[in-house]
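Heads up, the thing below is written out as structure tokens.
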Amino acid sequence: MACKAYPNMFTPYTIKGLKFKNRVFASPVTTNRIAERGYPSPEGIDAIETRARGGFAELTLTESFIDFEHSARHEHGLNVFSKEMTTYHMESIMTLTESIKAHGCVASIQLNHVGGVNHPDQIRGHKNPIGPSAFIREDGIMVEEMTVEMMGHVAENYAQASLNCKAFGFDMVMLHGGHGWLLSQFISPRTNFRTDEYGGSMENRARFPIMVCKKIRELCGDDFLIEYRVSGAERIEGGMTLEDCIEFCKLIQDYVDILHVTSGIYHSHVETKAFSSMFDAHGCNLDLAAAVKAAVHIPVVAVGGFNDPQQIEDAITSGKCDFVALGRQQFADPEFVNKALTGHSDQIAPCLRCSCFNPLAPDPQKRPIPELWHCTVNPWASRELRLRNAPKPKGSRKVLVIGGGVSGMYAAITAAERGHDVTLCEKEDRLGGILWFTDMDTHKESLQRYYKSLIARCNYNNVKIELNTTVTPELIERRKPDAVICAVGSHPYVPPIKGIEKARHAVEVYKSLSGLKGEVILIGGGSIGCESGYFFAGTCGCHVHILEMRDDICKDSNDSQRRALIPRMKKIGMTWDCCVSILEITGQGVRFRDKEGKERYLQADHVIYATGNRANDHIVEELEKSAVWFVVTGDAKRARTVKQATYEGFCAAMDIL
């Protein structure tokens with residue numbers, strides 16, 4: 001039976017006898033803990049199968065390389081090229097492909113060669129990286145120009161790796177011809193300066209990518225599909241334009257089976273939308289995919305920030321693409337496709353595009369070692385195998401959750417899913433906690449959908465919800481729960497500044513946006529201050545000036561978020577002073593001491609502060625002695641991010657046995 005809500009999304013598509021059961025692909029995403037020394041790890045196989053089980057039509061394993069001579073930028077991909085290694089771990093790779101195909105999902109793998117952006121430290125023997133043209137990079141590394149013989153050798157490596165993949169059970173390969181890697185270096189005017197038959201015109205620049213495709217087809221046959229990933233535009237000065245891409249796609253379309261349209265380059269991934277940010281439109285590359293589709297006669301995939309089934313349905317219905325690929329959304333909710341199919345779209349946890357892929361820092365002196373790659377809205381992501389083996393409850397327990405914010409709701413959902421009898425009490429008349437402000441902030445629409453998905457999941461799992469209910473020790477004594485999870489949240493920190501009563505907290509401002517005009521001073525330049533200030537400036541037309549005591553703004557955000565937000569703040573006209581100390585808030589402005597120690601005064605029509613939150617310790621202290629099994633989570637323990645609050649609520653519920 002067809003899906004009535006999303007009929008085009010769930011219309012099958014067949015290419016050369018290979019059937020795709022719907023139009024949603026799982027695009028290649030990080031290999032973190034997926035592969036170990038070229039082998040698929042048990043944890044990796046479990047994570048991949050979780051996504052395949054979630055209903056995707058095709059799943060592409062991410063970035064594997066075709067040699068260690070020049071192509072690999074790291075050793076975390078599957079080794080599908082070395083005869084010695086592939087023979088030794090053939091069964092483990094075949095177990096991986098079997099785990100994908102067992103659920104009616106097409107198994108694919110992305111093959112890549114990073115070319116001239118590689119570093120000698122990543123190359124066996126520490127040779128210079130190779131590319132279409134010789135030049136000295138900004139970091140002083142010499143890139144060697146590939147000879148025709150080198151091109152032939154690399155093309156053979158691509159073909160042999162593809163043949164190995166076919167033997168391992170993959171149905172197809174994806175050639176990464178975008179994001180500034182080797183194949184795209186040949187077609188981009190930014191990196192190809194050759195004057196021979198492999199440079200100049202697009203027909204010449206396309207010769208090497210076509211050579212690779214021909215070699216693969218020659219060795220693997222016509223029944224092994226080739227998906228070619230291309231940047232529809234590099235979105236960088238001197239880079240490939242959409243017109244270039246269309247011209248290239250017309251040339252290569254007869255040598256591949258699917259064109260996969262992304263954008264940008266990896267080393268400026270936020271700025272060029274290789275990985276879109278929360279401030280980019282959903283489906284941010286759809287216009288590029290549509291232009292390519294209008295020019296070619298083979299199916300086209302669009303990728304870039306899709307996180308809602310209706311977005312996919314609309315894209316396919318419009319004829320702008322044939323398939324939509326989801327990247328980080330796989331982490332956020334691997335059941336995305338199945339939930340859409342079965343009428344549970346309201347329970348989908350949307351990807352917040354908050355950069356779960358931030359790279360690890362090998363040098364702690366340069367910046368703190370960040371967290372592992374985990375998802376804000378899905379604590380199972382990258383922990384699937386460990387959590388699947390967690391102890392099961394010995395019986396159904398009576399659980400009381402206090403607080404209906406993110407941490408409380410996730411705790412309630414998890415406890416209910418594990419078979420417990422769960423009641424959630426919330427003192428306000430609605431669920432969502434502090435995230436009520438996302439109902440107004442258009443930049444936070446995915447975060448709004450997240451908290452609403454938690455409400456839907458609470459209802460689906462029969463969590464008994466009691467609003468307008470303040471929990472007291474007497475209530476706990478009367479209910480006699482087996483376990484209490486205390487998620488009573490936090491309150492805004494009011495800094496001890498003279499005249500602070502003349503200012504408003506940033507979150508409270510959302511209740512009366514219409515009155516926010518003229519000059520606004522915002523005290524506190526952390527992520528909340530910067531993001532809310534950016535929204536205020538863009539929505540209300542006011543000028544926002546930030547005063548921050550630290551040496552820079554947005555320091556508590558990750559690198560990708562900063563790279564997305566700060567240029568936008570500048571573009572909209574926001575300004576800031578750092579290393580300041582606030583002396584007084586008057587009725588007309590703010591007195592402060594700047595980084596030179598000089599006293600200054602700025603006039604303002606409105607003064608706002610965003611200086612962090614403090615846990616509601618007084619509530620915790622009142623309640624904690626009322627139950628033997630009493631766990632505090634989220635902001636109630638300490639001011640938390642949504643990611644931390646979600647995970648702590650989840651863990652608390654998992655411990656109820």
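No lab work stands behind these numbers, since they all come straight from the coordinates. Keep in mind the model is a prediction, meaning the values are calculated, not measured. Don't worry about glycine lacking a Cβ; one is built from the backbone with ideal geometry, like all the others, and counts go over all protein chains shown.
Structure values in brief
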| item | result |
| --- | --- |
| Filter on Lys320/Lys571; Lys83/Lys127; Lys394/Lys464; Lys19/Lys166 - keep pairs with C-alpha separation over 19 Å | Lys320/Lys571; Lys83/Lys127; Lys394/Lys464 |
| Point-charge dipole on Cβ atoms (K/R +1, D/E -1) for the range 437-504, about Cα centre, debye to 20 | 100 |
| Extreme residue, positive dipole direction of the chain, given options Gly499, Gln588, Gly55 (C-beta unit charges) | Gly499 |
| Reachable aspartates and glutamates, given that their alpha-carbon falls under 19 Å from the alpha-carbon of Lys502 and they are not under 8 places away in the same chain | Glu519, Glu548, Glu584, Asp605 |
| Those aspartates and glutamates that a straight Cα-Cα span of less than 20 Å connects to Lys480, excepting residues fewer than 8 apart in one chain | Asp421, Glu426, Glu466, Glu621, Glu622, Glu624, Asp655 |
| Simple label model, 7 Å out from Cα along Cβ direction - Asn468 to Met440, nm | 2.4 |
| Order of Thr423, Thr191, Thr586 - criterion: other Cβ atoms within 10 Å of each residue's Cβ, fewest first | Thr586, Thr423, Thr191 |
| Estimated FRET transfer efficiency (Thr575, Asn389; beta-carbon r; R0 51 Å; 0.05) | 0.45 |
| Violating pairs (Cα-Cα greater than 24 angstrom) within the set Lys101/Lys250; Lys452/Lys555; Lys444/Lys517 | Lys101/Lys250; Lys452/Lys555 |
| Sum of side-chain charges, Gly180 neighbourhood, beta-carbon under 10 Å (Lys, Arg +1; Asp, Glu -1) | 0 |
| The chain: relative contact order as a whole-number percent, Cα under 8 Å and 6+ apart | 10 |
| 18 Å Cα-Cα reach of Lys339 towards aspartates and glutamates, excluding residues that sit fewer than 8 places from it in its own chain | Glu49, Glu58, Asp308, Glu313, Asp314, Glu417 |
| Volume per residue of the C-alpha convex hull in the range 392-465, rounded to whole Å³ | 77 |
| Within-15-Å neighbourhood charge of Met150 [Cβ basis; K, R +1; D, E -1] | -4 |
| Residues whose placed amide H lies under 5 Å from that of His260, excluding near-sequence neighbours | Tyr228, Arg229, Val230, Val301 |
| Kyte-Doolittle mean at least 0.0 and Cα axial length at least 27 Å: DSSP H helices in the chain | 148-168 |
| For Leu225, distant residues with modelled amide H under 5 Å away | Val173 |
| For Lys637, Lys571, Lys214, Lys394, order by how many other beta-carbon atoms lie within 10 Å, fewest first | Lys394, Lys571, Lys214, Lys637 |
| Residue exposure sequence - Trp181, Trp629, Trp576 - by fewest surrounding Cβ within 10 Å | Trp629, Trp576, Trp181 |
| Share antiparallel - DSSP beta bridges, the chain, percent rounded to 5 | 20 |
| Cβ-based net charge around Arg137, under 13 Å, with every Lys or Arg adding one and every Asp or Glu removing one | -2 |
| Cα-based Rg of the chain normalised by 2.2 N^0.38 Å, two decimals | 1.04 |
| Antiparallel %, DSSP beta bridges [both residues in the range 1-106], to 5 | 60 |
